[in-house]
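Engineer: Take this structure first; my questions come after.
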Amino acid sequence: MANAEYRLENAWEPVDGDPCGRFVFTLINLSDAPLSGFKLAYTSLTRIKDSEEPHCENATFLRRNANFHQYEPPAGLTLQPGDSWQFTVAPLWRPARHRTDGAKSAYLTLSDGRHVPVAVDDTLLSGRPAEPAPVLMPAGEAKQPFSLLPWPADAALEAGDKAPVALYPADGASVDDRRAMQVVGSLYRRLFQIGQQPFALATVHDGQAIRFATDDTLVGEAYRLEFGDEITLTSGGPAGCQYGLTALAQLLHGARTQPGTFKFPASGTISDQPRYGWRGCHLDVSRQFYPAADVIRLIDIMAWMRLNIFHWHLTDDEAWRLEIKAYPQLTTTGVLRGPDEPMLPQLGNGAEPVGGFYSQDDVKAIVAHAGALHVEVVPEIDIPGHSTATLAALADLTDGQEAPDSYRSVQGFPNNALNPAIEETYTFLGKVFDEMVELFPSKLLHIGGDEVAANTWMASPLARKLMEDEGLDGTFGLQSHFMKRIQKMLAERGRQVAGWDEVSHGGGVDPEGTLLMAWQKPEVGVELAKLGYDVVMTPGQAYYLDMVQDEAFQEPGASWAGTVPPKHTYTYEAVGEFPEELKSRMRGVQACIWSEHFLNRDYFNHLVFPRLGAIAEAAWTPKDNKDWLRFAAIAPLMPKL
Ligand code: ACM
């Protein structure tokens, strides 16, 4: 916002007797004209605690909706060009711990009703030193000179003195083998636009031939590479063949881009297969919209690291991003956030309305792209909580007798859950599922289930009646009743439930065929396994890639689940939490990319990498083959968004 006429500085300062401290805001008029009769709005994840009496010096608090806040200056205040207005905001619901914890966006509403942009940037810290961001990664050490990430289950290799110009199919390679080379070659080209292409489909002078073979005794994702005059690639199936070719492309890429450190093997063998079947990466596209091309690039990066599940978090309070033809309003009203829209700006939105959604054609293209790379897309619509956008688009889904602000989610959204006592809720979801099963071949459909606030629906007469009629116990009895109906609806459509760990609350659902993600803390995974659920480990304390990587104030990121340095993400052993008899319930591990803070690409790259690669290695490589310094040496070669 180079030419903004107004700027808002935001600082956090400690306050005696209140560990949450307060904000000090300064609005500076950089325009040529006096400013008066205005209101100021900003968005901030560190929210004012409006359940108590707000105390703001030199301003009046007007309203809050989740992270949206609005204030007005003292009556009669006029800011001449160059003047500023300073005011304070308290009480806050938590302290600001990092420079990204304050205002993310702001705008003014002028006396004539126009909304104008206000530049806003890093939160400043008053009253104590704002520690600089540290260097997060060590230099690394590749004891074996081969750039493979994830590192294989078994590798015994001798380095050669020079890398072949390109690898090409030996005589007798099938059309499928040649196609597989084309798939991985074009993956490489998309990820490294100036890199030297590892594969050619015709014989290459100074190249090396790949002889393809299959072995029925290998699992489908397994492969073996034998290096000699030729390279023999033996695989258990098409995925294994792709993974073997990806390993070859990685070896060549390392040998060419860092020839002093990495070499191409002259002889030896790699025998490889994944540690876990579920090697996931989740992306929240509700809090911020990612264009389809960015989603495709993330899937490409996943394929390069042999991650195989893309968990696509398509809906949340902030927006519903999936086109549903039966309900077009979901992607008109249900995505638009702006000062005069039904949904107010959040998390970086300002004076201009913003939207963004995926058409069904986009979805089909993304699912096909992922499938061709052996990445399965598991879609999520987050219900019954996290549904502000749905309810903004479809007002009929609310109980008209329920008081408007009778409960709030942990993110501060009022009355944000679909009501299990309204029959139209199921009609709506049935039509959504009908369209989703046509778009997503995955047998799993993720239905969220997280963070339904403790007193949700308790002010809804319809929900109260359902509780009485069915003998249900409070919010979580209702949630379980709802989830069981959803499970049945999915079964009727040939699909099984995936969800967050709270799906198990209040009686849960039938664990048979249900997969839950343990996110709140590692112990939850064990509890779920004891209840008979299959579990994917996504604990925030290790695998949430929005978490800050160091405690320094200038290091950006969220911190509610703690500080998650790359080394912790790398070395964390999720299965270590499980007793022997429950280990088989743990299907794998997954990175989660929650987007509240992700305002731009640099931010994404700083937080997601190299930790996504750390999770890819945790998902693939046996514990005894993990090596932090080797990872640190190879991770810089990985592509970014
Ligand atoms: C979650 O982080 N609410 C699943």
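Engineer: Could you list, in sequence order, all residues of the stretch 368-412 that are within 16 Å of the ligand (Cβ to nearest atom) and part of a strand (DSSP E or B)?
Structural biologist: VAL378, PRO379, GLU380, ILE381, ASP382, ILE383, ARG408
Engineer: Still on this structure, I have one more. Select, from SER186, SER111, SER147, the only residue that is loosely packed, with under 15 Cβ neighbours inside 10 Å and part of a loop (DSSP other than H, G, I, E, B).
Structural biologist: Of SER186, SER111, SER147, the one residue that is loosely packed, with under 15 Cβ neighbours inside 10 Å and part of a loop (DSSP other than H, G, I, E, B) is SER111.
Engineer: Cβ-Cβ below 6 Å, separation at least six or inter-chain, first residue in the stretch 624-638 and over 23 Å from ARG256 (Cβ atoms), second aromatic (Phe, Trp, Tyr) and in a helix (DSSP H, G or I): which pairs?
Structural biologist: Correct list of pairs: TRP628/TYR570.
Engineer: Of the residues ASP340, ASP317, ASP300, which single one is among the acidic types (Asp, Glu) and under 19 Å from LEU599 (Cα atoms)?
Structural biologist: ASP317
Engineer: Among the aliphatic types (A, V, I, L, M) and touching a residue at least 40 places away in the same chain (Cβ under 8 Å): is that true of ALA395 in this structure?
Structural biologist: No.
Engineer: Looking at the stretch 513-531, which of its residues are part of a loop (DSSP other than H, G, I, E, B), away from the ligand (no atom under 14 Å from the Cβ) and not hydroxyl-bearing (Ser, Thr, Tyr)?
Structural biologist: Just the residues of the stretch 513-531 that are part of a loop (DSSP other than H, G, I, E, B), to begin with: 513-514, 519-521, 531.
Within this subset, residues satisfying the condition of being away from the ligand (no atom under 14 Å from the Cβ) are 513-514, 531.
If the condition is that a residue be part of a loop (DSSP other than H, G, I, E, B), away from the ligand (no atom under 14 Å from the Cβ) and not hydroxyl-bearing (Ser, Thr, Tyr), then GLY513, LEU531 are the ones that fit.
Engineer: Out of curiosity, is ALA421 within 29 Å of ASN65 (Cα to Cα), small (Gly, Ala, Ser), crowded, with 20+ Cβ neighbours inside 10 Å and more than 16 Å from the ligand (Cβ to nearest atom)?
Structural biologist: Yes: the conditions hold for ALA421.
For every residue, the table says whether it meets (1) exposed (fewer than 14 other Cβ atoms within 10 Å of the Cβ); (2) touching a His at 6+ places or on another chain (Cβ under 7 Å); (3) touching a residue at least 60 places away in the same chain (Cβ under 8 Å).
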residue	(1), (2), (3)
GLU13	no, no, yes
ASP16	yes, no, no
GLY37	no, no, yes
LEU45	no, no, yes
CYS56	no, no, no
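Engineer: Here's another thing I want to ask about it. State all residues of the stretch 81-101 that are over 14 Å from ARG7 (Cα atoms), of a type outside the set (Asp, Glu) and not in a strand (DSSP E or B); if no residue qualifies, say none.
Structural biologist: ALA90, PRO91, TRP93, ARG94, PRO95, ALA96, ARG97, HIS98, ARG99, THR100
Engineer: Inside the stretch 476-486, can you point out the residues that are buried (at least 22 other Cβ atoms within 10 Å of the Cβ) and more than 16 Å from the ligand (Cβ to nearest atom)?
Structural biologist: Result: LEU478, PHE482, ILE486.
Engineer: Still on this model: Could you list all residues from the stretch 572-606 that are within 16 Å of the ligand (Cβ to nearest atom) and touching a Gly at 6+ places or on another chain (Cβ under 6 Å)?
Structural biologist: Across the stretch 572-606, the qualifying residue is only GLN590.
Engineer: Please pick out the residue among ASP161, ASP177 that is loosely packed, with under 15 Cβ neighbours inside 10 Å and among the charged types (D, E, K, R).
Structural biologist: Only one candidate passes the filter, namely ASP161.
Engineer: Right, something else. Of the conditions (1) part of a loop (DSSP other than H, G, I, E, B); (2) in contact (Cβ under 8 Å) with a residue 40 or more places away in the chain, LEU472 satisfies every one except a single condition; which number is it?
Structural biologist: (2)
Engineer: Same structure again: When the residues of the stretch 535-550 are narrowed to those that are more than 13 Å from the ligand (Cβ to nearest atom) and more than 12 Å from VAL589 (Cα to Cα), which ends up nearest to the chain's Cα centre (by Cα)?
Structural biologist: So the residue we want is VAL548.
Engineer: What tally of residues in the stretch 535-553 results from selecting those that are surrounded by fewer than 22 Cβ atoms within 10 Å (Cβ to Cβ) and either under 21 Å from PHE476 (Cα atoms) or without any contact (Cβ under 8 Å) to a residue 40 or more places away in the chain (or both)?
Structural biologist: Residues in the stretch 535-553 being surrounded by fewer than 22 Cβ atoms within 10 Å (Cβ to Cβ) and either under 21 Å from PHE476 (Cα atoms) or without any contact (Cβ under 8 Å) to a residue 40 or more places away in the chain (or both): 1 in total.
Engineer: Also, quick follow-up: Quick check, is GLN496 under 30 Å from GLU470 (Cα atoms), polar (S, T, N, Q) and surrounded by fewer than 24 Cβ atoms within 10 Å (Cβ to Cβ)?
Structural biologist: Taking the combined requirement at face value, the residue satisfies it.
Engineer: Is it true that LYS583 is farther than 28 Å from SER286 by Cα, in contact (Cβ under 8 Å) with a residue 60 or more places away in the chain, not in a strand (DSSP E or B) and not aliphatic (A, V, I, L, M)? If you could, list the steps in order and put the result at the bottom.
Structural biologist: Values: farther than 28 Å from SER286 by Cα: yes; in contact (Cβ under 8 Å) with a residue 60 or more places away in the chain: no; not in a strand (DSSP E or B): yes; not aliphatic (A, V, I, L, M): yes.
Considered against the rule, which asks whether it is farther than 28 Å from SER286 by Cα, in contact (Cβ under 8 Å) with a residue 60 or more places away in the chain, not in a strand (DSSP E or B) and not aliphatic (A, V, I, L, M), LYS583 comes out as no.
Engineer: Take the residues in the stretch 489-512 that are assigned to a strand (DSSP E or B) and within 13 Å of the ligand (Cβ to nearest atom), then tell me which one is farthest from GLU380 (Cα to Cα).
Structural biologist: The residue in question is TRP500.
Engineer: How many residues, within the stretch 240-267, are in contact with a strand residue (DSSP E or B) (Cβ under 6 Å, 6 or more places away or on another chain) and surrounded by fewer than 17 Cβ atoms within 10 Å (Cβ to Cβ)?
Structural biologist: Going through the stretch 240-267 one residue at a time, the tally reaches 2.
Engineer: I'd like the residue in the stretch 196-228 that is polar (S, T, N, Q) and surrounded by fewer than 21 Cβ atoms within 10 Å (Cβ to Cβ) and, out of all such residues, is nearest to ARG256 (Cα to Cα). Walk me through how you get there before you give the answer.
Structural biologist: Step one: list which residues in the stretch 196-228 are polar (S, T, N, Q), which gives 196-197, 203, 208, 214, 217.
Within this subset, residues satisfying the condition of being surrounded by fewer than 21 Cβ atoms within 10 Å (Cβ to Cβ) are 196-197, 203, 214, 217.
Numbers: GLN196: 8, GLN197: 11, THR203: 20, THR214: 29, THR217: 34 Å.
Result: GLN196.
Coordinate-derived values only; no laboratory data. Not measured: the values here are computed from a predicted model. Here the Cβ is made from the backbone with ideal geometry for all residues, glycine too, and neighbour counts use every protein chain on show.
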